[in-house]
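Trainee: Handing you this structure, nothing more for now.
The values are calculated or read from the model by the stated rules, or taken from the named source; none is laboratory data. Just so it is clear, the model here is predicted, and its values are computed rather than measured. Heads up, the Cβs are rebuilt from the backbone with ideal geometry, glycines too, and the neighbour counts pull from every protein chain shown.
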4 protein chains.
Amino acid sequence: MTLSVGVIGTGVMGAEHVRILREETAGARVVAVCDADAGRARAVAGDGEAFTDPLALIHDHKVQAVVIASPDATHADLALACLAAGKPVLCEKPLAATADQALRVVQAEVQLGKRLVQVGYMRRFDPAYVEMLHVRQSGAIGEAVLLHNTHRNAAAPDWFTGAMAVTNSFVHEIDISRWLLDAEPVLARISAAPGGDPLMITLETDRGAVVSTEVYMNARYGYHVHAQLVGRDGTVEMAAPTVTLTNHASQHGHAWPENWVPRFRDAYRIQMNAWVRSIAEERPVGASAWDGYVATAIAEQVATALQTGNPVRLDFGQRPDLYL
Amino acid sequence: MTLSVGVIGTGVMGAEHVRILREETAGARVVAVCDADAGRARAVAGDGEAFTDPLALIHDHKVQAVVIASPDATHADLALACLAAGKPVLCEKPLAATADQALRVVQAEVQLGKRLVQVGYMRRFDPAYVEMLHVRQSGAIGEAVLLHNTHRNAAAPDWFTGAMAVTNSFVHEIDISRWLLDAEPVLARISAAPGGDPLMITLETDRGAVVSTEVYMNARYGYHVHAQLVGRDGTVEMAAPTVTLTNHASQHGHAWPENWVPRFRDAYRIQMNAWVRSIAEERPVGASAWDGYVATAIAEQVATALQTGNPVRLDFGQRPDLYL
Amino acid sequence: MTLSVGVIGTGVMGAEHVRILREETAGARVVAVCDADAGRARAVAGDGEAFTDPLALIHDHKVQAVVIASPDATHADLALACLAAGKPVLCEKPLAATADQALRVVQAEVQLGKRLVQVGYMRRFDPAYVEMLHVRQSGAIGEAVLLHNTHRNAAAPDWFTGAMAVTNSFVHEIDISRWLLDAEPVLARISAAPGGDPLMITLETDRGAVVSTEVYMNARYGYHVHAQLVGRDGTVEMAAPTVTLTNHASQHGHAWPENWVPRFRDAYRIQMNAWVRSIAEERPVGASAWDGYVATAIAEQVATALQTGNPVRLDFGQRPDLYL
Amino acid sequence: MTLSVGVIGTGVMGAEHVRILREETAGARVVAVCDADAGRARAVAGDGEAFTDPLALIHDHKVQAVVIASPDATHADLALACLAAGKPVLCEKPLAATADQALRVVQAEVQLGKRLVQVGYMRRFDPAYVEMLHVRQSGAIGEAVLLHNTHRNAAAPDWFTGAMAVTNSFVHEIDISRWLLDAEPVLARISAAPGGDPLMITLETDRGAVVSTEVYMNARYGYHVHAQLVGRDGTVEMAAPTVTLTNHASQHGHAWPENWVPRFRDAYRIQMNAWVRSIAEERPVGASAWDGYVATAIAEQVATALQTGNPVRLDFGQRPDLYL
């Protein structure tokens, strides 16, 4: 009853997934690790097998399920390979580098007629977001009318270019806002501060609720994600992500993490446990391939609004029955 | 050296101004109170004189300075009468019911060549906003790039109609944002939740900083005003407006006030002390007639964007030399 | 109807009282200021008269009421002189350097048969403490059973010696605890950290409620006063004394003041307004001479427990009818 | 490499340990469950074996390690049986109903010459306590001089009698304070509110630091555990144990849990993962049998101070070499 997992990629997230599988996940073991750098693959693999070819890992008979944590540009093809091999896959976000590629994964899965792909939008497993969803669903704050998101990175990676604030960062808010509100964005407005950072993006949804998001790639002081859901009868928002407070050198408060890894450590762990269990129980959880496609499709269209300054109507087609 | 003040209007704000002048203001006394209801005027006047005609109060020789707290529609004419009489006046916001009327007050003051009008945008004296301004000016958070405002009323007054969320409530954010950022709005975008409440309004400014404001007239849970100023090196925001926290019945937290009076009690007191002192020292403080005009002019133009859904370019003319 | 006030002492507190009287107090003016340094007295006196002899100030016919802010050792004699002159006096805490001296002031006032002395335990006017009292009196937290006090100074003044942590600092908690709980301490226990700083002092009261106080003279990080009142049905405590929060350099939070002046600025202002009004209305407010005596008497007895390490029973005699 | 665990007891904690082992623990499986109620044992056992005799479970050859979560009175004898069988055991706190019984476990383990017993003082694995320890060890707040603990239960269990507030609840603070401060208590003082609830207990330690603890069995509003560690250069304390904040019905804040299970869910999970790993690595973690004995011994002695009202010197003998 122990799931044999192969992990592709041994960067920050790949190594973290391996650690979580080994130390904090029930019912799983790491049997294979793949990296273009053979030494690195061996170092991370432990008593599992080291691969340099991801397709070899995917096709290896002892690998029952796959985690994709390789560079973004490889996601779609590897996910397609997993589908072809009939193996469940947890693919880091984004599902693909473009909406077109993401749609190919959706189409392949629809063809297969069975959901095997989970996209690693881990915020859906973050205890704070989960509690916000429960509060909305409980009716305690009434109908949701507004969602405020703040997404601040300490510094953009040096490989970031123009629209990546939207296509690589804001995709998180697209996914979590759809999930929190159970609504689809239909129109986007965008304003940019000098230099294009930060951005203020407003989405109007098919249910009427409005989503307002700050995306700030170079906030400097730290990594800070916040959300507040506003209803007719009240609001629910994230508390500060800290377990201690200090008084020191004239200051009271808490420290910010440098990046998303400590902030979402619990989310990654819970996501992995849920994914492993979902395979045993054959009940998909988390973001589907469709969700992955929609996030990327909306992001691409929002990015065009950056150029024109005009509101843009969003369009991403009909949800296939497989995802209802 | 004690300033003799006449107060026009004895509603919530008029009565509060009289109380502040009597109990918490140095160097002033209330010598006259005016209300259409003579009995009410006498009850509030104490040992001052009661008037039913505001112009009689303004022209009375023992009245050295005037506070206008009568209905909005009367503000412009009474302010003009104070200018004609050469008496300093603290006029509750808005300065006038329309931008055209407000502009007439500006023109009369420019003609006079001397600033006598202060508009009661009391937030400029709120300790939290003042500290936010000081933090920005200190350079501690670097260049300001974004300002998030939240303006929530528990319930809209029953005399509120469509655009008043903009022209009566959002004017506060227009004024305080200009003051905090030392910048002028040049473009507005607006999205509305179902029923037109809440609104999300984005202003772009001539310095590039973006202002994002939620205006929610029926937030139900309480009166809640918040602002966060985002800079290149950090942020500064309002703390919760409370002096105590409780644990009771499974809940930790604090209560919200029902309306703006308790929230801005300190601001009203400090504004009054500053106004009285500014007259003795002949150095105007607070929002000028020009500021009052600009807030109303922008609000009127933003309100039109509510109809079209399109971005609107803002235009309110050149600031006269008197206000430089 | 304007009260003519003479202020004795122009140190930190004396100068602050003069400022408050001039800028933030209704119905009062400063007509005399006294300091041993004639130049300093003149500088602070403004258009009032400068004195170097406090008794001359007290007896000057234009002085209607006196504020004592001179060194602690002079308080009792000056308060006695005010009583002899029949003039209301606001005396900075402590009322006297010893319980015996404080008792002499009480006895003189009882002899006079009229309350003229208010001791400047300003915390009774602090909005947070006032709200805590109201919450207790409202019944919202049920019977009060415990009071936690934290009293931290950034650094002890260099003239501080052994027991002054108790007789000069802890007296504040003695006074405010009696006032918050409406109860009298009957027994004290004390434990000291290495070097005698901080101290943990437990008081048991005649109503059963327990008072637990940390007194820390050299907390270094800042000036920090906190209190939490625990009842049968809940608790009420002070919120952080700040109006803004910042994110900067990996930290979220707020700054601590260096000393009590900014922390209790509102309390000092409100105390002064209440004192001036109480004279006009002939209704004493604040801490009485009796309260001043009891605080000092208990502090002296608690200080002895520091030596023995044993619990000490507290005794300060019967409250005279004048103070019922 | 998967550890086969037997769990004794299926009450709140026993069932929770089984759930944690199954859903959130890497490298373990539940092979046996014991309860006096055979049906209950079977229901919880899943595909493991059900026992009604705990000794049979302990001696069963497929059981490699044991979790004891049966009633307190049984702990010592079952721990002794595990030692006799040479099997690692995680025993819920307290280790024994009396200090004498706990000492017998220590002596048996010393005789064995090998540490097999871990006592379930789970707070040592709570992220907030762990971070507080790290902050102290980092030197950021300087030498620790004071520790404030608050331990509030919503309501005492109905089987609670007099001293159990000390022997069953306060034992947690004894253990965590020794661990946080790396110091041993040498003297205790205690004051009680009316009805003996809450208690204020002060411990002085061999390093000079003072520990101040409120133990409140019937705080009504919720389950609330807090600690603040005070050093020469600053403090570190627990943040509110919540991931969301709400605004609703005039209130801002968060909810309190009803009891310790949700508050310490992470601690129990992390403890279990650490225990399983510690067995594989043969490196004991967590509270030892000696720690379990000391907590109970101190609690017994503190309880006597409740009777006399006098300070009590604490004595619990020499730590055996096995625990150095």
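Trainee: Report yes if some residue within segment B:270-292 is under 27 Å from B:Thr25 (Cα atoms), among the hydroxyl-bearing types (Ser, Thr, Tyr) and within 14 Å of chain D (Cβ to nearest Cβ); otherwise report no. Reasoning before the result, please.
Mentor: Within segment B:270-292, the subset under 27 Å from B:Thr25 (Cα atoms) is B:270-292.
Filter once more, so that each one left must be among the hydroxyl-bearing types (Ser, Thr, Tyr): B:278, B:288.
After this cut, where a residue has to be within 14 Å of chain D (Cβ to nearest Cβ) as well, the list is none.
Scanning segment B:270-292 turns up no residue that is under 27 Å from B:Thr25 (Cα atoms), among the hydroxyl-bearing types (Ser, Thr, Tyr) and within 14 Å of chain D (Cβ to nearest Cβ).
Trainee: Right, something else. Condition first: of a type outside the set (Val, Ile, Thr), within 13 Å of chain A (Cβ to nearest Cβ) and closer than 29 Å to C:Met217 by Cα. Can you find one or more residues in segment D:151-165 that meet it? Let's see the steps before the verdict.
Mentor: Filtering segment D:151-165 for residues of a type outside the set (Val, Ile, Thr) gives D:151-160, D:162-165.
Among the residues that remain, those that are also within 13 Å of chain A (Cβ to nearest Cβ) are: none.
No; the residues of segment D:151-165 include none that is of a type outside the set (Val, Ile, Thr), within 13 Å of chain A (Cβ to nearest Cβ) and closer than 29 Å to C:Met217 by Cα.
Trainee: List every residue pair whose Cβ atoms sit under 8 Å apart, with the two residues 6 or more apart in sequence or on different chains, where the first one lies in segment B:293-309 and is touching a residue at least 12 places away in the same chain (Cβ under 8 Å) and the second, anywhere, is surrounded by fewer than 19 Cβ atoms within 10 Å (Cβ to Cβ) and among the acidic types (Asp, Glu).
Mentor: B:Val294/B:Glu184; B:Gln301/B:Asp315
Trainee: Only one residue in C:Arg263, C:Arg269, C:Arg232, C:Arg277 is among the basic types (Lys, Arg) and without any contact (Cβ under 8 Å) to a residue 60 or more places away in the chain, so which one is that?
Mentor: Checking each option against the conditions leaves just C:Arg263.
Trainee: Out of (1) without any contact (Cβ under 8 Å) to a residue 24 or more places away in the chain; (2) among the acidic types (Asp, Glu); (3) buried (at least 17 other Cβ atoms within 10 Å of the Cβ), the odd one out for D:Asp158 is which?
Mentor: With respect to (1) without any contact (Cβ under 8 Å) to a residue 24 or more places away in the chain; (2) among the acidic types (Asp, Glu); (3) buried (at least 17 other Cβ atoms within 10 Å of the Cβ), D:Asp158 is out only on (3).
Trainee: Checking the structure you have, find out if any residue of segment C:134-145 is within 18 Å of the chain's Cα centre (by Cα) and either in a helix (DSSP H, G or I) or in contact (Cβ under 8 Å) with a residue 60 or more places away in the chain (or both).
Mentor: no
Trainee: Check D:Trp256, D:Trp275 and return the single one that is outside the structural domain of D:Arg220 (by TED's automatic domain parsing) and within 21 Å of the chain's Cα centre (by Cα).
Mentor: On inspection, the qualifying residue turns out to be D:Trp275.
Trainee: Now for a separate question. May I ask you to say which residue of C:Arg136, C:Arg104, C:Arg123, C:Arg115 is within 14 Å of chain B (Cβ to nearest Cβ), charged (D, E, K, R) and within 23 Å of C:Trp275 (Cβ to Cβ)?
Mentor: C:Arg123
Trainee: For segment A:285-307, what are the residues that are in contact with a Pro (Cβ under 9 Å, 6 or more places away or on another chain) and over 29 Å from A:Asp197 (Cα atoms)?
Mentor: Of everything in segment A:285-307, just one residue is in contact with a Pro (Cβ under 9 Å, 6 or more places away or on another chain) and over 29 Å from A:Asp197 (Cα atoms), namely A:Trp290.
Trainee: Output the residues belonging to segment D:241-252 that are of a type outside the set (Ser, Thr, Tyr) and crowded, with 19+ Cβ neighbours inside 10 Å.
Mentor: D:Pro241, D:Leu245, D:Asn247, D:His248, D:Gln251, D:His252, listed by residue number.
Trainee: Taking segment D:211-220 as the search range and keeping residues that are crowded, with 21+ Cβ neighbours inside 10 Å and at the interface with another protein chain (Cβ under 10 Å from one of its Cβ atoms), which one is nearest to B:Thr246 (Cα to Cα)?
Mentor: Checked segment D:211-220; the qualifying residue nearest to B:Thr246 (Cα to Cα) is D:Ala219.
Trainee: Of a type in the set (A, V, I, L, M) and surrounded by fewer than 21 Cβ atoms within 10 Å (Cβ to Cβ): is that true of B:Ala299 in this structure?
Mentor: no
Trainee: Does C:Arg115 satisfy the criteria of being in the same structural domain as C:Ala280 (by TED's automatic domain parsing), at pLDDT 95 or above and in a loop (DSSP other than H, G, I, E, B)?
Mentor: In short, yes.
Trainee: I'm trying to understand the selection: among the residues of segment A:197-210, which are hydrophobic (A, V, I, L, M, F, W, C), more than 8 Å from chain B (Cβ to nearest Cβ) and more than 23 Å from C:Asn247 (Cβ to Cβ)? Let's see the steps before the verdict.
Mentor: Start the filter on segment A:197-210 by keeping residues that are hydrophobic (A, V, I, L, M, F, W, C), which leaves A:199-201, A:203, A:209-210.
Retained after the next criterion (residues that are more than 8 Å from chain B (Cβ to nearest Cβ)): A:199, A:201, A:203.
Result: A:Leu203, single match.
Trainee: Let me confirm something: among A:Met238, A:Met272, which residue is touching an Asp or Glu at 6+ places or on another chain (Cβ under 8 Å) and buried (at least 19 other Cβ atoms within 10 Å of the Cβ)?
Mentor: Details: A:Met238 fails: touching an Asp or Glu at 6+ places or on another chain (Cβ under 8 Å).
Answer to the check: A:Met272.
Trainee: Restricted to segment D:177-207, and to residues that are over 19 Å from D:Ala295 (Cα atoms) and in contact (Cβ under 8 Å) with a residue 60 or more places away in the chain, which residue is surrounded by the fewest Cβ atoms within 10 Å (Cβ to Cβ)?
Mentor: The first filter runs over segment D:177-207 and keeps only residues over 19 Å from D:Ala295 (Cα atoms), leaving D:191-198.
Remaining after also requiring in contact (Cβ under 8 Å) with a residue 60 or more places away in the chain: D:192, D:196.
Working: D:Ala192: 19, D:Gly196: 12.
Among them, the one singled out is D:Gly196.
Trainee: Is it fair to say A:Ala76 is among the small types (Gly, Ala, Ser), more than 14 Å from every other protein chain (Cβ to nearest Cβ), farther than 30 Å from D:Ala249 by Cβ and touching a residue at least 40 places away in the same chain (Cβ under 8 Å)?
Mentor: Criteria not met by A:Ala76.
Trainee: Please enumerate the residues belonging to segment D:32-67 that are more than 23 Å from D:Lys93 (Cα to Cα) and touching a Lys or Arg at 6+ places or on another chain (Cβ under 7 Å).
Mentor: Across segment D:32-67, the qualifying residue is only D:Ala50.
Trainee: Restricting attention to segment C:293-324, report how many residues are among the small types (Gly, Ala, Ser), closer than 19 Å to C:Ala99 by Cα and either within 14 Å of chain D (Cβ to nearest Cβ) or more than 15 Å from the chain's Cα centre (by Cα) (or both).
Mentor: Our first condition is that a residue be among the small types (Gly, Ala, Ser); within segment C:293-324, this holds for C:295, C:297, C:299, C:303, C:305, C:309, C:317.
So of that shortlist, the ones also closer than 19 Å to C:Ala99 by Cα come out as C:295, C:297, C:299, C:303, C:305, C:317.
Going one step further and asking which of them are either within 14 Å of chain D (Cβ to nearest Cβ) or more than 15 Å from the chain's Cα centre (by Cα) (or both), we end up with C:303, C:305, C:317.
Counting residues in segment C:293-324 that are among the small types (Gly, Ala, Ser), closer than 19 Å to C:Ala99 by Cα and either within 14 Å of chain D (Cβ to nearest Cβ) or more than 15 Å from the chain's Cα centre (by Cα) (or both) gives 3.
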